[in-house]
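The values are calculated or read from the model by the stated rules, or taken from the named source; none is laboratory data. Predicted model only: the values in this text are computed from it and were never measured. Note: ideal-geometry Cβ built from the backbone for every residue, glycine included; neighbour counts use all protein chains shown. Calculation scope for accessible area: heavy atoms of the full protein, side chains included, ligands and nucleic acids excluded. Shrake-Rupley method; radii C 1.70, N 1.55, O 1.52, S 1.80 Å.
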Amino acid sequence: MKKNIVILGTQWGDEGKGKIVDCISSDAAYVVRYQGGHNAGHTLVINDQKIVLHLIPSGLLHKNVIGIIANGVVVSPTELIKEIQMLEKNNIIVNKRLFISSSSPLILPYHIEMDLAREKKLGMNALGTTGRGIGPAYEDKIARRALRIGDLKNEKTLSVRLEKIVDYYNHQFVNFYQYKSMNYKIILNNLLPIIELIYDMIKDTTNILHSAIKNKKKIVFEGAQGTLLDIDHGTYPYVTSSNSTIGGVMTGTGIGPRNIDCIIGITKAYSTRVGCGPFPTELFDNIDKHFSSKGHEFGSTTGRKRRTGWLDAVSLCRSVHINSISSLCITKLDVLDGLDEIKICTSYKNIYTSEIILFPDINEWDDVLPIYETHPGWKQKTLGIKKIEDLPKQARNYINRIQEITNIPISIISTGPDRSDIIFINDIFHIKKSII
Ligand code: GDP
Ligand code: IMO
Ligand code: MG
């Protein structure tokens, strides 16, 4: 019996990962975040009630699920507490069912300040980060100077190390960015009451997961961001600072590749991107307006307008290969309702040489134009449809075409934001090909 599922984004994030994790976690024992931080914004809608999670795994809305924030995640203790309190206000109690790795690097106020200072200094060349301190926190991890969740357990050494790190940051704030310096004592004093609240959640989460695997428990791994924002495989430097691709599951949790049974790539039925960087199928016309308004394409974390475009099958195929995806989930199909025609980008053309490119170098995406194939749209409403046979023929053909191009079975279609707006086509564990 296959048990352990990875849910990850195949585009630039916001594919609807949170919703799908929620939908498949009701019988899971554990749901695990393995990379990123509170730059993520995962939206769940249950009976018209909307909850946005940034750090806490999306499966926690099911009362039987245990949440793990594993070692690959960078954790802001203040944001974590805020989110726990927000859930408690909504009668979702996480006490005794949320564990955080002692190895997770901390995000502290100087990381956020540095993220904002860097973006400001870059001016026109800014990356468009979420301003959550993600980049600087991962830099500290790689430079081996990070304070980690486990360090919160010893106030004395925490204080000594914090003073040194803040001193290091202050040199840059004052001398390079012409900013004010920060006071480590204020940071420490704000941190101390939070430590008490999370002390009992601090664990070696790798051990917990090994024991879960041994006991054949179902585990769902919840990706943040998307493949094209990956630090190694994305549109560098317009990327985030973690591995949002499949490798991040292993390094970010301490489990091995043979412990993963199924890798589900989530893709919107079209494309969006928030922040700067190349986006070959980007639109600036009425279709952009349609996607924006019908799809409510505004960032869950920063509220910024998301850029929109047609589905890019060239980059989707790339994501399939990078992540070794076993099945695909198409979200937001309902947003295409009412369009006369729908396009899929199947290759790129070099803007200087007009050469058609099937496998473009990702570092040259600024120099390409998309080549599209066009499909008929549909006028019927697909919002909330739960059975594949109830979809209009044109919608089924569109889905089938994505399956054909990627050569990957499509196992889930999402037809609306609510938990119940979903079509399961194949048993995601025993996928049969092409039954659409
Ligand atoms: P994530 O970061 O990948 O979890 O995605 P976000 O939550 O940031 O963005 C996805 C947005 O689309 C959220 O507002 C969801 O409520 C919404 N959503 C998810 N699936 C669907 C769908 O099938 N149709 C529609 N209309 N909205 C959806
Ligand atoms: P979820 O999990 C969409 C983008 C930012 C910026 C770049 C770097 O909700 O899909 P960072 O703050 O990470 O240093 O910003 O990455 N970004 C996201 N875009 N969804 C996300 O997460 C994102 N997390 C980061 O907009 O372009
Ligand atoms: Mg999001």
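Pull out all pairs, ordered by first then second residue, where Cβ-Cβ is under 8 Å, the residues are six or more apart or on different chains, the first lies in the range 290-307 and is free of Cβ contacts under 8 Å to residues at least 12 places away in the same chain, and the second is open to solvent by 30 Å² or more (accessible area, probe 1.4 Å) and among the charged types (D, E, K, R).
Phe298/Arg304; Phe298/Lys305
Can we say Leu158 is assigned to a helix (DSSP H, G or I) and of a type in the set (A, V, I, L, M, F, W, C)?
When the stated conditions are applied, Leu158 passes them.
Take the conditions in the same structural domain as Leu229 (by TED's automatic domain parsing) and crowded, with 16+ Cβ neighbours inside 10 Å and apply them to Ile356. Does it pass? Walk me through it before giving the result.
Working: in the same structural domain as Leu229 (by TED's automatic domain parsing): yes; crowded, with 16+ Cβ neighbours inside 10 Å: no.
It is false that Ile356 is in the same structural domain as Leu229 (by TED's automatic domain parsing) and crowded, with 16+ Cβ neighbours inside 10 Å.
Asn39: out of contact with any strand residue (DSSP E or B) (no Cβ under 9 Å at 6 or more places or on another chain), assigned by TED's automatic domain parsing to the domain that holds Asn215 and either more than 20 Å from Ile325 (Cα to Cα) or near ligand 2 (Cβ under 9 Å from one of its atoms) (or both), yes or no?
Yes: the conditions hold for Asn39.
Among residues belonging to the range 121-131 that are in contact (Cβ under 8 Å) with a residue 40 or more places away in the chain and open to solvent by 30 Å² or more (accessible area, probe 1.4 Å), point out the one that is farthest from Tyr236 (Cα to Cα).
By that ranking, first place goes to Lys121.
Report yes if some residue within the range 170-185 is open to solvent by 50 Å² or more (accessible area, probe 1.4 Å), among the aliphatic types (A, V, I, L, M), modelled with pLDDT of 95 or more and closer than 16 Å to Asn39 by Cα; otherwise report no.
no
Taking the criterion of being touching a strand residue (DSSP E or B) at 6+ places or on another chain (Cβ under 9 Å), among the acidic types (Asp, Glu) and either within 16 Å of ligand 3 (Cβ to nearest atom) or not assigned by TED's automatic domain parsing to the domain that holds Ser420 (or both), would at least one residue in the range 48-71 satisfy it?
Filtering the range 48-71 down to residues touching a strand residue (DSSP E or B) at 6+ places or on another chain (Cβ under 9 Å) leaves 48, 50-62, 65-71.
Okay, now just the ones that are also among the acidic types (Asp, Glu), so 48.
Subsequent filtering for residues that are either within 16 Å of ligand 3 (Cβ to nearest atom) or not assigned by TED's automatic domain parsing to the domain that holds Ser420 (or both) retains none.
No, the conditions are met nowhere in the range 48-71.
Of the residues Thr301, Thr346, which single one is open to solvent by 10 Å² or more (accessible area, probe 1.4 Å), farther than 26 Å from Leu53 by Cβ and among the hydroxyl-bearing types (Ser, Thr, Tyr)?
Just a single option satisfies the conditions, and that option is Thr346.
Tell me, which residue of the range 1-17 that is in a loop (DSSP other than H, G, I, E, B) and over 9 Å from the mean Cα position of the chain (by Cα) is farthest from ligand 2 (Cβ to nearest atom)?
Selected residue: Met1.
Given the criterion at pLDDT 95 or above, within 16 Å of ligand 2 (Cβ to nearest atom), closer than 29 Å to Thr129 by Cα and of a type in the set (Asp, Glu), identify the matching residue among Asp366, Asp312.
Asp312
How many residues does the range 223-247 contain that are within 16 Å of ligand 3 (Cβ to nearest atom) and either surrounded by fewer than 19 Cβ atoms within 10 Å (Cβ to Cβ) or within 24 Å of Pro360 (Cα to Cα) (or both)? Outline the logic, then answer.
Taking the range 223-247 first, the residues within 16 Å of ligand 3 (Cβ to nearest atom) are 223-230, 234, 239-240, 242, 244.
After this cut, where a residue has to be either surrounded by fewer than 19 Cβ atoms within 10 Å (Cβ to Cβ) or within 24 Å of Pro360 (Cα to Cα) (or both) as well, the list is 225-230, 234, 239-240, 242, 244.
Of the residues in the range 223-247, 11 are within 16 Å of ligand 3 (Cβ to nearest atom) and either surrounded by fewer than 19 Cβ atoms within 10 Å (Cβ to Cβ) or within 24 Å of Pro360 (Cα to Cα) (or both).
Which of the strands (runs of 3 or more DSSP E) contained wholly in the range 18-113 include at least 3 residues that are open to solvent by less than 10 Å² (accessible area, probe 1.4 Å)? I'd like the intermediate steps shown before the answer.
Details: elements: 30-33, 42-46, 49-53, 66-69, 98-101.
Where strands (runs of 3 or more DSSP E) fall fully within the range 18-113 and carry at least 3 residues being open to solvent by less than 10 Å² (accessible area, probe 1.4 Å), they are 30-33, 66-69, 98-101.
Val32 - would you say it is within 16 Å of ligand 3 (Cβ to nearest atom), among the aliphatic types (A, V, I, L, M) and assigned by TED's automatic domain parsing to the domain that holds Tyr238?
no
Looking at the range 339-359 only, could you name the residues that are of a type in the set (Gly, Ala, Ser) and under 21 Å from Tyr270 (Cα atoms)?
Result: Ser347, single match.
Would you check which residues across the range 171-216 are within 21 Å of Ala70 (Cα to Cα) and among the hydrophobic types (A, V, I, L, M, F, W, C) and list them?
Leu191, Ile194, Ile195, Leu197, Ile198, Met201, Ile202, Ile208, Leu209, Ala212, Ile213
Could you list, in sequence order, the residues of the range 268-297 that are within 16 Å of Tyr348 (Cβ to Cβ) and either open to solvent by 50 Å² or more (accessible area, probe 1.4 Å) or of a type in the set (Val, Ile, Thr) (or both)?
Of everything in the range 268-297, just one residue is within 16 Å of Tyr348 (Cβ to Cβ) and either open to solvent by 50 Å² or more (accessible area, probe 1.4 Å) or of a type in the set (Val, Ile, Thr) (or both), namely Thr281.
If you go through the range 204-233, how many residues are closer than 21 Å to Ile264 by Cα and among the β-branched types (Val, Ile, Thr)?
Summing the residues that are closer than 21 Å to Ile264 by Cα and among the β-branched types (Val, Ile, Thr) in the range 204-233 gives 5.
Determine whether Ile405 is hydrophobic (A, V, I, L, M, F, W, C), more than 13 Å from ligand 1 (Cβ to nearest atom), surrounded by fewer than 20 Cβ atoms within 10 Å (Cβ to Cβ) and modelled with pLDDT of 95 or more.
For Ile405, the condition - hydrophobic (A, V, I, L, M, F, W, C), more than 13 Å from ligand 1 (Cβ to nearest atom), surrounded by fewer than 20 Cβ atoms within 10 Å (Cβ to Cβ) and modelled with pLDDT of 95 or more - is met.
Can you tell me which condition Ala146 does not meet? The list is (1) assigned to a loop (DSSP other than H, G, I, E, B); (2) at pLDDT below 95, and all the others hold.
(2)
Just one of (1) in contact with a Phe, Trp or Tyr (Cβ under 9 Å, 6 or more places away or on another chain); (2) in contact (Cβ under 8 Å) with a residue 60 or more places away in the chain; (3) within 28 Å of Lys50 (Cα to Cα) trips up Leu391, so point out which.
Checking Leu391 against (1) in contact with a Phe, Trp or Tyr (Cβ under 9 Å, 6 or more places away or on another chain); (2) in contact (Cβ under 8 Å) with a residue 60 or more places away in the chain; (3) within 28 Å of Lys50 (Cα to Cα), the one that fails is (2).
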